[in-house]
1. Can you bin the range 48-96 into rounded, prolate or oblate? Criterion: square roots of the alpha carbon gyration tensor eigenvalues sorted a ≥ b ≥ c, rounded for a/c under 1.5, prolate for a/b above b/c, oblate for the rest.
2. Under a point-charge model restricted to the Cβ atoms of Lys and Arg (+1) and Asp and Glu (-1), what is the dipole moment magnitude of the range 252-369 relative to its Cα centre, in debye to the nearest 20?
3. Considering the options Trp322, Ala256, Ser361, tell which one lies farthest towards the positive end of the dipole of the range 244-369, charges being +1 on Lys and Arg and -1 on Asp and Glu at the Cβ, about the Cα centre.
4. Rounded, prolate or oblate: which one fits the range 77-191, using the alpha carbon gyration tensor with axes a ≥ b ≥ c (rounded when a/c is under 1.5, else prolate when a/b beats b/c, else oblate)?
5. If you plug each phi of the range 294-307 into the Karplus form 6.51 cos²θ - 1.76 cosθ + 1.60 with θ = phi - 60°, what whole-Hz ³J(HN,Hα) values come out, in order, with x for Gly and Pro?
6. For Lys248, list the aspartates and glutamates whose Cα falls under 14 Å from its own Cα; do not include residues on the same chain fewer than 8 positions away.
7. Apply the Karplus parameterisation 6.51 cos²θ - 1.76 cosθ + 1.60, with θ equal to phi minus 60°, to every residue of the range 270-279 and state each ³J(HN,Hα) to the nearest whole Hz, in sequence, with x for glycine and proline.
8. Return the sequence-ordered ³J(HN,Hα) values of the range 116-130 in whole Hz as given by the Karplus equation 6.51 cos²θ - 1.76 cosθ + 1.60 applied to θ = phi - 60°, using x for Gly and Pro.
Amino acid sequence: MRKVLFATWLLLSVLAAFGRDALAVSSGSGANVKTDVTVTSHVPLFGKLCPLEERLFADATDRQLDEFSLLQSALIAGGVRRAETLQLYEEQFAALVDQLRESCTPACPPRERAKKIFEFMHRRVLSGGYRIDCTYLRATLDEGRFNCLSASVLFNCLAAEFDLPVCGLEIPGHAMSRLLLDAGPLDLETTCPGWFQLTDDPAKQAEAVARTVGHISPKDRSKAREVSPVEIAAMIYYNRGVDLLAEKQFAEAAAANAKALRLDPASTTARGNLLAVLNNWAIELGAADRHAEAVELLREGLAFDPKYEPFVLNYVHVHHKWVEQLRRVGKLDKALDVLAHAAEELPEEEYFQLAPLQLRSRKVVGGRR
């Protein structure tokens, strides 16, 4: 799902996160993704990593996790910063596993094991209700609130404790769990408590999902992508980016999406969200007449993806506003310098060719007065 909204001159990009009723934007191919871009001379796009993140990202260099579990990586991606806090959640999770072992034994067939885990999860943990913005596992463990991503992560963590082969499933606008059985994959809508009871009735499954989350579970899974623990952590990071953007914490939102791309360079959602964050950040700066900063941000954005049209459109418009402001205060030489620099970077844009001529004409006329 992709949508671009126009408001006067501003081309606004709408962000997406799996587990959200939001829309994605993307510039297309995710090839040759750069995740080490510097947004400005003083704001690194990648952001500062805490010690736990440094270890996690080092572990994930080969796209696999050896030092960290899915539980640990999900908690870190969701904002846990202290080793002591991480350990507390691990102990809380271990207590749940101990309770589950009373009814779920290795003697149970895999599908029956999965059913017991699924029903225990909903009965014992997911008691706080569905919340579209509850991506973070710590809130799920603390308060029982969940969305499709946090519920799927929790199920996968529990399944791993009982030797069930499982992976995440990323679908545009949604997340699920996939159980890898000998008879074939079994996809689980983890937000639906009665999913196993309704496996023979897809229509009732859809109704049950709609009652829980407010929309029907995607039927077309042709675009579904199996995701590893590392890629699940990336999904959590770009969901954080959506939350941060909503709060207009642009630098932090950009950093969250850049971290997602560092973990999962193939994620078109993280890439599209990052582009949109930079674009909307520049829009905010331009609206505040901080034109030089907006231009610098758009310049960095164009270096990251020169084919992303909103960057080009807003680069031209911010310059137009900046030049008009300089003209009004009589700084025509400065305005000409600004345009000359812009013309070197986007020589094909007609505005940067015509505006200097108009300014020089005004300058000559002004001199004769």
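Only the coordinates and a few stated rules stand behind these numbers; no lab work does. What you see is a predicted model, and the numbers here were worked out from it, not measured in a lab. All Cβ positions, glycine included, derive from the backbone under ideal geometry; neighbour counts span all protein chains shown.
1. Because a/c hits 1.5 or more and a/b fails to exceed b/c, the range 48-96 counts as oblate.
2. The dipole of the range 252-369 has a size of about 680 debye.
3. Ser361
4. Oblate shape, in that a/c is at least 1.5 and b/c is the bigger or equal ratio.
5. 3J(HN,Hα) across the range 294-307, in whole Hz: 5, 5, 4, 5, 5, 4, 5, x, 5, 5, 6, 8, x, 9.
6. Cα-Cα hits under 14 Å: Glu284.
7. Going residue by residue, I get 4, 5, x, 5, 4, 4, 5, 4, 4, 5 Hz, with x marking Gly and Pro.
8. Rounded to whole hertz, the list is 5, 5, 4, 5, 4, 4, 6, 6, 9, 10, 7, 9, x, x, 6.
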